[in-house]
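S.K.: Have a look at this one before I ask anything.
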Amino acid sequence: MEEKKNPGNLSPALCAAISETLNAGRQVMLFINRRGYAPIVQCKACGWHADCPDCSCGMTLHKQVGGWRLEVGGKDNNIQPQTSYLLPPTSYLICRICGKSMPMPRACPDCGAAEISTLGAGLEKIQEEVAAKFPEANTALVSSDTMMSRQALERLVAQMESGEIDIVIGTQILAKGHHFPNLTLVGVIDADMGLFGADFRAGEKTFQQLFQVAGRAGRGTAPGRVLLQTYQPEHPVLRAIVAGDRDAFLAQDMLGRRAARMPPYGQLIAVIVEAEKENVLQKYCAELTRAAPKIENSKILGPIPAQIYKVRTWYRMRFLVTGDQRAALQPAVKHWLGKVKQPANIRVKIDVNPQNFM
């Protein structure tokens, strides 16, 4: 495991390992769990950024749509990574929540400036950097944008097995179930990505995912090697991955959950309230707050805006009901919600022990 310090997406140590692996006639997997080219599109002059008009989140720049390449450059015209480009209108901005898409503007919609920068990296940007640094290598992208059928995935497997592909760059689709005997190097571009979300399972999910990705290397006769690029080399999850000590990680994770009374040592119920008008949403949430009961061995937290406040034009607030293992939360929540009349233009969703905190 190496601490990521340089501003590029591929560190010198990872690049050296890629060169060594390719020279030995072996294959490489680069893992980054982010689709598209760049997650942030912003004007350098005025600060405008590309946001979805229907959801409260930024739009991701894609240069591949429907599995085919929209050519905007590469090794032939010396495009370098970490550089801002004026992109042609065939590049698309896509919302990762609702799927809404629109052409990438040639200039800033607010001030007209041409300096629109792209920040962060998705797998398409990684492929661009790989093409510049390893021009002789044959690469393939694997994500839900490119593997749109079972036949496409079968073709990829056949190309890997025949040696047509030198470097495969992909998202979590690559993490499970694929056996590539000649693949001996796995590089994780951003190992920190899933560690600091609102979900108390973030550590568990990251450990599981990275453990599966690491398992793709060295499945044949040649030994494998895994490099994790990280800004947090001392993080317990990453230390456990490096040590291969699953049991120690699980024991530590369970201690934290027990202290916080998180499942399996406690219960959670999320109450998500949605409305197309903010004032209607706020009024109904205020009524729920006034009617909130006192439940033995439990708390009702909120309301607060959901992590993604607006989804497909609907605004969203969340209550979180927490309690220990003995608390009768479900009948209490049912009684609570029944005390307040629900307007026709309000949607209420109940999620018991939620798996997703968005």
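The values are calculated or read from the model by the stated rules, or taken from the named source; none is laboratory data. These numbers come from a predicted model, not from an experiment. Reconstructed Cβ throughout: ideal geometry from the backbone, glycine too, with neighbour counts over all protein chains shown. Keep in mind that these areas ignore ligands, DNA and RNA; they rest on the heavy atoms of the full protein, side chains included. Shrake-Rupley method; radii C 1.70, N 1.55, O 1.52, S 1.80 Å.
S.K.: Can you give the angle from 0 to 90° between the axis of helix 278-291 and the longest principal axis of the chain, with both taken from C-alpha atoms, to the nearest 10?
M.R.: 50
S.K.: Taking 8 Å as the Cα distance limit and 6 or more residues as the minimum spacing, I'd like the relative contact order of the chain as a percentage.
M.R.: Worked out over the chain, it gives 18 percent.
S.K.: Enter the Cα centre distance for the pair region 202-219 and region 291-358, rounded to the nearest angstrom.
M.R.: That distance is 33 Å.
S.K.: I want to verify a result. In a Gaussian network model of the chain, Cα cutoff 10 Å, which of these has the top mean-square fluctuation: 344, 50, 131?
M.R.: Comparing 344, 50, 131 in the GNM, the peak value goes to 344.
S.K.: So with the 1.4 Å probe, I'd like the accessible area per residue for the chain, rounded to whole Å².
M.R.: I get 50 Å² per residue for this part.
S.K.: Work out how much length residue 154 to residue 102 would gain on full extension: take 0.36 nm times their residue separation and subtract the Cα-Cα distance, in nm to one decimal.
M.R.: Length gained between residue 154 and residue 102: 15.6 nm.
S.K.: Among all the lysines, which ones have a C-alpha under 28 Å from residue 339's C-alpha, if same-chain residues fewer than 8 places away are not counted?
M.R.: 277, 283, 294, 299, 310, 349
S.K.: Moving to a separate point now. In what order, largest first, do 335, 62 sit by accessible area if the probe radius is 1.4 Å?
M.R.: Putting 335, 62 in descending order of accessible area: 335, 62.
S.K.: Compute the Cα gyration tensor for region 212-358, then decide on rounded, prolate or oblate, letting a ≥ b ≥ c be the square roots of its eigenvalues: rounded whenever a/c is under 1.5, prolate when a/b is larger than b/c in the other cases, and oblate in all that remain.
M.R.: Numbers: a/c = 3.38, a/b = 1.96, b/c = 1.72.
Judged from the Cα gyration tensor, region 212-358 comes out prolate (a/c at least 1.5, a/b above b/c).
S.K.: Name the trypsin sites (Lys or Arg not before Pro) in region 123-186 that are in a loop by DSSP and that have at most 15 other C-beta atoms within 10 Å, would you?
M.R.: Qualifying residues, ordered by number: 176.
S.K.: Report for the chain the percent antiparallel among DSSP-assigned beta bridges with both residues inside it, nearest 5.
M.R.: 70
S.K.: Region 98-137: which GluC sites (Glu not before Pro) are DSSP loop and have at most 10 other beta-carbon atoms within 10 angstrom?
M.R.: Answer in residue order: 136.
S.K.: Which angle from 0 to 90°, rounded to the nearest 10, does the C-alpha axis of helix 123-133 make with the longest principal axis of the chain?
M.R.: So the inclination is approximately 20 degrees.
S.K.: At a probe size of 1.4 Å, how large is the accessible area of residue 254, to the nearest 10 Å²?
M.R.: The accessible area comes out at roughly 50 Å².
S.K.: So how much slack lies between residue 330 and residue 245, counting 0.36 nm per residue of separation and subtracting their Cα-Cα distance, in nm?
M.R.: Details: separation 85, 0.36 × 85 = 30.60 nm, distance 3.70 nm.
Result for the pair: 26.9 nm of gain on full extension.
S.K.: For region 175-208, state which chymotrypsin sites (Phe, Trp or Tyr not before Pro) are in a DSSP loop and have at most 13 other beta carbons lying within 10 Å of their beta carbon.
M.R.: Taking region 175-208 and a limit of 13 other Cβ atoms within 10 Å, the loop chymotrypsin sites (Phe, Trp or Tyr not before Pro) found are 196.
S.K.: Next question. In nm, to one decimal, how far is the modelled label at residue 258 from the one at residue 348, with both set 7 Å along Cα→Cβ?
M.R.: Once both label points are built, they end up 3.6 nm from each other.
S.K.: Can you tell me the 0 to 90 degree angle between the C-alpha axis of helix 246-260 and the longest principal axis of the chain, rounded to 10?
M.R.: 30
S.K.: Hey, if we sort 18, 241, 173 by accessible area with the 1.4 Å probe, largest down, what's the order?
M.R.: Order by accessible area, largest first: 173, 241, 18.
S.K.: Can you pull the accessible area of residue 162 for me, 1.4 Å probe, Å² to the nearest 10?
M.R.: Looks like 70 Å² after rounding.
S.K.: Choose one answer from 36, 25, 122: the residue with the largest mean-square fluctuation in a GNM of the chain with alpha-carbon springs under 10 Å.
M.R.: 25
S.K.: Grab the DSSP H runs of the chain that are 4 residues or longer, score each as -39,500 (n - 2.57), total them, divide by all residues and round the 222 nm result to the nearest 500 deg cm²/dmol.
M.R.: Working: 8 runs with 96 residues, N = 358.
Here the helix-only value at 222 nm equals -8500 deg cm²/dmol.
S.K.: A further question on this structure: Only one of the listed values, (1) 0.96; (2) 1.14; (3) 1.05, was derived from the coordinates as Cα Rg over 2.2 N^0.38 Å; which label is it?
M.R.: (2)
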